[in-house]
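A.B. asks: Here it is: the structure, laid out below.
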Number of protein chains: 2
Amino acid sequence: MEKKSKYNVAVMGATGAVGQEMLLILEQRDFPLDRLVLLASKRSAGSTMKFKGRDLLVEELKEDSFKDIDIVLASAGGAVSKHFAPFAVKAGAVVVDNTSAYRMDPKVPLVVPEINPADIQKHQGIIANPNCSTIIMLVPIHPIHKINHIKRIIVSTYQAASGAGAKAMQELETQSRDVLAGKKARKEVFPHQIAFNLFSHNSAVKEDGYNEEELKMIKETKKIFHDEKIAVTVTSVRVPVFRAHTEAIYLELTNKPDLDKIRKALMNAVGVRIVDDAGKNYFPMPLEATGGDDVLVGRLRLDLSNPHGLWLFVSGDQLRKGAALNAVQIAEILCGRSAS
Amino acid sequence: MEKKSKYNVAVMGATGAVGQEMLLILEQRDFPLDRLVLLASKRSAGSTMKFKGRDLLVEELKEDSFKDIDIVLASAGGAVSKHFAPFAVKAGAVVVDNTSAYRMDPKVPLVVPEINPADIQKHQGIIANPNCSTIIMLVPIHPIHKINHIKRIIVSTYQAASGAGAKAMQELETQSRDVLAGKKARKEVFPHQIAFNLFSHNSAVKEDGYNEEELKMIKETKKIFHDEKIAVTVTSVRVPVFRAHTEAIYLELTNKPDLDKIRKALMNAVGVRIVDDAGKNYFPMPLEATGGDDVLVGRLRLDLSNPHGLWLFVSGDQLRKGAALNAVQIAEILCGRSAS
């Protein structure tokens, strides 16, 4: 992309949970903006959103919305990206797509800036932002992978409502109020009650028994790590938490894990913060990951029955590092900022 | 134990969450009772509890509380069992102990009636009831273990507040109300906020990095299965759910798993109910396990990257099968009823 001092950025799906977070992050990180264009469906067009104290008008997303736009941050759903991204690319923009539409397309780089920033430069107009659970898993295990090759990942997730959007977060709140008031929980977004309950992830289950969320984590890990051989298996679960995903990750490493070396690697890693105080029983929690940029990692311990086994327990903000922050970081690298 | 038509039963810790559930289960299963004695700490003594429509007085637990008692169902904490169980045994009673006090004592059988009922007959006055998470894990995997020996278990838990007692369930409710009202969550029972949050299990963490809950699951599995070689590793997590524990269980089996055979084995197993409808995205949930006797099991699927790997997702009522029901079932076998 042509280097400038300031860029025209369009946020596609600006009014959604991730879109809102993108605005916040562009502001917090003082992104070099010339013009910021907010795009959304016809339903949301005409409303305003705050940015740096000013009210910005939300415009209707159209095929000709991308004139003079340098970067599109897209987060309006897979079908919307599928349709509109080619128009943005034709108009000369680079699309950082936060949906699953292009992630496994071999022509599209799939990027976590802390892991494979060099892949950004291979783009042909579209760069894909990985699935939230994938990002939150890979950021803390990549520093380990670099010093002791990971052969197998067995992971169980504890995923927040936010992954299903702003309405799902609202549903958790409304249902919780209703249940506490002795009323029946009404289901609109999720297929099952989320308040004071949990359930296997609500994405479609495929023939092999895996749901789409699990398959994303399996496939995307191989693509981001450039490692088709890494074995990954997942159970994805939705829990009554608002907006940070937690994961219990079991790794099988090539060599016997050295906990001191692994701790040191994590301490020096960007995007990771160790929270691992056994004496105080203080480890990563979604409440503390919420609103932060780092993926919290703790409960580092060996498998007492497998000399190559290692556990970790991680938590990261689904809307920030799991989505909006990762996309903005990619955009920053496009603009020539170094990865951070 | 001497066979009678009716037995004198004492419930130690009758007013606690598990004690209350024991009363309910003794009533529901029409346990052959002559006298039912409710024992609790001095603080709770003098109150009354309902049983079959009658008010029963709660008596203070004392060293001489066990005269003419046949069976003691103990659930008043490890220290209380450690002190009082020997007095009960001396008075001629058999103690079914729901605490961790005697579980790993080689002279004390550790029993899940669906798995190792024969061990009951080896008792020397005390029979231990396993940890709730252990029971809920082992009931659904034992039918698999019988047809295809389990070599390794890697499990992540989603444990309800009830495991920490009635006050912890109250804390989940109170904190949830406070958070929804925009107030700060007050912590009394748990070290961290449980409402809309989750955290690594609140039991003490040992030098090897495992907490007591995890070590219980590891050690108790070996004892109940009579298999010192089975490899077990665990991450235990507390989630904002009231009273059923859920577990994502990964098994490594001796032979390639045959899903049809495994499903058949589970269908024929006592204490297990298959909930596994991929089309409807309908699998075990704590809300549906609550109040029931069966451990729900679903998400049966192979590991796409390991021909010997198998996942299951299970949920069981922590207060019933995880505690009170299992203890009453042991008592029933002591009384000559067959395991069911």
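The values are calculated or read from the model by the stated rules, or taken from the named source; none is laboratory data. Just so you know, these numbers come straight off a predicted model, no measurement behind them. Glycine also receives a Cβ, built like all others from the backbone with ideal geometry; neighbour counts cover every protein chain displayed. Calculation scope for accessible area: heavy atoms of the full protein, side chains included, ligands and nucleic acids excluded. Shrake-Rupley method; radii C 1.70, N 1.55, O 1.52, S 1.80 Å.
A.B. asks: If Lys and Arg each add +1 and Asp and Glu each add -1, what is the summed charge of the other residues whose beta carbon sits under 15 Å from the beta carbon of residue B:227?
C.D. replies: Spelling it out: positives minus negatives among the neighbours equals +3.
A.B. asks: Report the gain in length on full extension from residue A:43 to residue A:174: 0.36 nm times residue separation, minus Cα-Cα distance, nm rounded to one decimal.
C.D. replies: 44.8 nm
A.B. asks: What nm distances, shortest first, do you get from the label point of residue B:191 to those in the other copies when the point sits 7 angstrom along Cα to Cβ?
C.D. replies: Ordered by distance, the counterparts are at 3.8 nm.
A.B. asks: Can you tell me the relative contact order of chain A? Whole percent, Cα pairs under 8 Å, sequence separation 6 or more.
C.D. replies: 19 percent
A.B. asks: Can you compute 3J(HN,Hα) from phi for each residue in segment A:96-106, using the Karplus curve 6.51 cos²θ - 1.76 cosθ + 1.60 with θ = phi - 60°, rounded to whole Hz and x for Gly and Pro?
C.D. replies: Residue by residue, segment A:96-106 yields 9, 9, 8, 9, 8, 4, 10, 4, 9, 5, x Hz.
A.B. asks: Exposed loop GluC sites (Glu not before Pro) only (DSSP loop, at most 12 other Cβ atoms within 10 Å): please give the longest stretch of chain B free of them, not including the sites.
C.D. replies: By the stated rule (loop sites, at most 12 other Cβ atoms within 10 Å), B:64-187.
A.B. asks: Can you give the direction-averaged projected area of the convex hull of the alpha-carbon atoms in the protein assembly as shown, in nm²?
C.D. replies: Mean projected area for the protein assembly as shown: 29.9 nm², to one decimal.
A.B. asks: Which residue is it, in chain B, whose C-beta lies closest to the B-to-A rotation axis, and what is that distance in whole Å?
C.D. replies: Closest to the axis: B:156, 2.
A.B. asks: Under the rule of at least 5 residues apart or a separate chain, name every residue whose amide H is placed under 5 Å from the amide H of residue A:149.
C.D. replies: A:254, A:255
A.B. asks: Right, next: Multiply the residue separation of residue A:259 and residue A:277 by 0.36 nm, subtract the distance between their alpha-carbon atoms, and state the gained length in nm to one decimal.
C.D. replies: 5.0 nm
A.B. asks: Give me the percent relative contact order of segment A:127-242, please, defined on Cα pairs under 8 angstrom at least 6 residues apart.
C.D. replies: With pairs under 8 Å counted, the relative contact order is 38 percent.
A.B. asks: Which cross-chain or sequence-distant (5 or more) residues have an amide H under 5 Å from the amide H of residue B:235, H modelled 1.01 Å from N in plane?
C.D. replies: Those qualifying (amide H under 5 Å, at least 5 residues apart or on another chain) are B:155, B:156, B:157.
A.B. asks: Of A:191, A:284, A:109, which is the most mobile in a GNM of chain A whose springs link Cα atoms less than 10 angstrom apart?
C.D. replies: Greatest mean-square fluctuation among the candidates belongs to A:191.
A.B. asks: Another question, if that's okay. Using only the Cα atoms, work out Rg/Rh for segment A:129-241, with Rh taken as the Kirkwood radius, to two decimals.
C.D. replies: Rounded to two decimals, Rg/Rh equals 1.06.
A.B. asks: Using the crude model of +1 on Lys and Arg Cβ and -1 on Asp and Glu Cβ, and no other charge, please compute the dipole size for chain B relative to its Cα centre, in debye to 20.
C.D. replies: The calculation lands at about 80 debye.
A.B. asks: Label points 7 Å out from Cα along the Cβ direction at residue B:186 and residue A:91: separation in nm?
C.D. replies: 5.5 nm
A.B. asks: Another question, if that's okay. Just to check I understand the Karplus step: with θ = phi - 60° and J = 6.51 cos²θ - 1.76 cosθ + 1.60, what whole-Hz values come out for segment B:50-56, glycine and proline as x?
C.D. replies: For segment B:50-56, the Karplus-derived couplings read 6, 8, 6, x, 9, 8, 10 Hz, x marking Gly and Pro.
A.B. asks: Still on this structure: Quick one: with label points 7 Å out along Cα→Cβ, list the inter-copy distances for residue A:124 in nm, shortest first?
C.D. replies: Inter-copy label distances (nm, one decimal, shortest first): 7.6.
A.B. asks: Just want to confirm a number: the relative contact order over segment B:188-268, from Cα pairs under 8 angstrom separated by 6+ residues, in percent.
C.D. replies: Relative contact order here is 29 percent.
A.B. asks: So which residues in segment B:157-204 end up with at least 50 square angstrom less accessible surface once the other protein chains are there, compared with the chain by itself, probe 1.4 angstrom?
C.D. replies: B:158, B:180, B:192, B:196, B:197, B:198, B:200
A.B. asks: Further question: So what is Rg over Rh here for chain B, counting just Cα atoms and using Kirkwood for Rh?
C.D. replies: 0.97
A.B. asks: Which value at 222 nm does chain A reach when only helices count, each DSSP H run of 4 or more adding -39,500 (n - 2.57), with the total divided by all residues and rounded to the nearest 500 deg cm²/dmol?
C.D. replies: -8500 deg cm²/dmol
A.B. asks: Here's a follow-up. Using heavy-atom solvent-accessible surface (probe 1.4 Å) with all chains present, what is the largest-first order of A:65, A:81?
C.D. replies: Reading off the accessible areas and sorting them downward yields A:65, A:81.
A.B. asks: Got a sec to turn the phi values of segment B:174-182 into Karplus ³J(HN,Hα) couplings, 6.51 cos²θ - 1.76 cosθ + 1.60 with θ = phi - 60°, whole Hz, x for Gly and Pro?
C.D. replies: 5, 4, 4, 4, 5, 4, 5, 8, x
A.B. asks: If each label sits 7 angstrom from Cα along the C-beta direction, how far apart, in nm, is residue B:52 from its counterparts in the other copies?
C.D. replies: 7.8
A.B. asks: Cα centroids of segment A:274-340 and segment A:55-126: how far apart, whole angstrom?
C.D. replies: Comparing the Cα centres of segment A:274-340 and segment A:55-126, I get a distance of 25 Å.
A.B. asks: Could you order B:256, A:223 so the one with the most accessible surface comes first? Probe is 1.4 Å.
C.D. replies: The ranking, largest first, comes out as B:256, A:223.
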